[in-house]
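Have a look at the structure below, then the notes.
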Amino acid sequence: KNQVEQSPQSLIILEGKNCTLQCNYTVSPFSNLRWYKQDTGRGPVSLTIMTFSENTKSNGRYTATLDADTKQSSLHITASQLSDSASYICVVSARGAGSYQLTFGKGTKLSVIP
Amino acid sequence: EAGVVQSPRYKIIEKKQPVAFWCNPISGHNTLYWYLQNLGQGPELLIRYENEEAVDDSQLPKDRFSAERLKGVDSTLKIQPAELGDSAVYLCASSLDTGYPYEQYFGPGTRLTVT
């Protein structure tokens, strides 16, 4: 069964500090890995998408890494801001016959405090 | 460009009552998804449409849930009758499946509370 595990479940950091969120997956056959940011009361918004051949991708202060061999990904947030407070969801896409399937993690809830 | 539009944003109903949610995807997006998201959990796919065709509805509880996308544009998800356990956020997403990796764009969701 395809699974995506995220850690930590929740995290509190001071404004201006860096943090790293983790994602481990058992999804096969792997197609791509996505990180989404979901603000409270809103739908998820894509931050990065990485295919098998990519091992790092940045979007402003967000940098995602992918190790397809160990099936791990991380999302690093640099110089956190109050607006970074949100849930961050790791999503892995599996290839299928003429289609694909997304497996969502439960998310890491990040709180940035002043 | 307008994003995915959903309505209503919030709905409170009593159990055993029917309820319907509406979604208008981004213009030109041929694929539409309905997800269910419980508090503190990631979204779970209910149904995926490619144009008018439901290509994956394996996770849709068909005894009480139904969906339609008649003209391949907007879509309606219905629950009849609603149960207490249906309280959740219902997310709609759309994508344009002409270019890998098929980025999905989500709407704001409809928060359903069944009392």
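The values are calculated or read from the model by the stated rules, or taken from the named source; none is laboratory data. All values derive from a computational prediction rather than experimental measurement. Cβ sites come from the backbone with ideal geometry, for glycine too, and all protein chains shown count toward neighbours.
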Using the structure shown, decide if A:Gln38 is in contact (Cβ under 8 Å) with a residue 12 or more places away in the chain, within 11 Å of another protein chain (Cβ to nearest Cβ) and either loosely packed, with under 12 Cβ neighbours inside 10 Å or in contact with a Pro (Cβ under 7 Å, 6 or more places away or on another chain) (or both).
-> yes
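Residue by residue, here is whether (1) under 14 Å from the mean Cα position of the chain (by Cα); (2) acidic (Asp, Glu) holds:
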site	(1), (2)
B:Pro25	yes, no
B:Phe65	yes, no
B:Leu96	no, no
B:Glu103	no, yes
Would you check if there is a residue in segment B:17-32 being within 15 Å of A:Arg42 (Cα to Cα), surrounded by fewer than 16 Cβ atoms within 10 Å (Cβ to Cβ) and small (Gly, Ala, Ser)?
-> no
Test: B:Leu45 is at pLDDT below 90, in contact with a Ser or Thr (Cβ under 9 Å, 6 or more places away or on another chain) and of a type in the set (A, V, I, L, M, F, W, C) | no
Counted residues in segment B:68-112 being surrounded by 20 or more Cβ atoms within 10 Å (Cβ to Cβ), of a type outside the set (Ser, Thr, Tyr) and away from chain A (no Cβ under 14 Å) come to 4
May I ask you to say which residue of A:Ser74, A:Ser99, A:Ser80, A:Ser93 is touching a strand residue (DSSP E or B) at 6+ places or on another chain (Cβ under 9 Å), more than 9 Å from every other protein chain (Cβ to nearest Cβ) and either modelled with pLDDT under 95 or under 18 Å from A:Gly16 (Cα atoms) (or both)?
-> A:Ser80
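Being outside any strand (DSSP E or B), at pLDDT 95 or above, away from chain A (no Cβ under 11 Å) and over 10 Å from the mean Cα position of the chain (by Cα) narrows it down to one residue among B:Lys11, B:Lys15; which is it? If you could, list the steps in order and put the result at the bottom.
Values: B:Lys11 fails: outside any strand (DSSP E or B).
Just one listed residue meets the conditions, B:Lys15.
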Of all residues in segment B:51-64, which are under 24 Å from A:Arg42 (Cα atoms) and within 11 Å of another protein chain (Cβ to nearest Cβ)?
-> B:Gln59
Can you name the residue in segment A:46-62 that is surrounded by 15 or more Cβ atoms within 10 Å (Cβ to Cβ) and within 13 Å of the chain's Cα centre (by Cα) and is also nearest to B:Gln37 (Cα to Cα) among such residues?
-> A:Ser46
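Quick one: which of A:Ala86, A:Ala68 is surrounded by 15 or more Cβ atoms within 10 Å (Cβ to Cβ) and more than 14 Å from chain B (Cβ to nearest Cβ)? Before the answer, list the steps.
Values: A:Ala86 fails: more than 14 Å from chain B (Cβ to nearest Cβ).
The unique qualifying residue is A:Ala68.
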Going by the conditions given, is A:Thr20 modelled with pLDDT of 95 or more, in contact with a His (Cβ under 6 Å, 6 or more places away or on another chain), more than 13 Å from chain B (Cβ to nearest Cβ) and surrounded by fewer than 20 Cβ atoms within 10 Å (Cβ to Cβ)?
-> yes
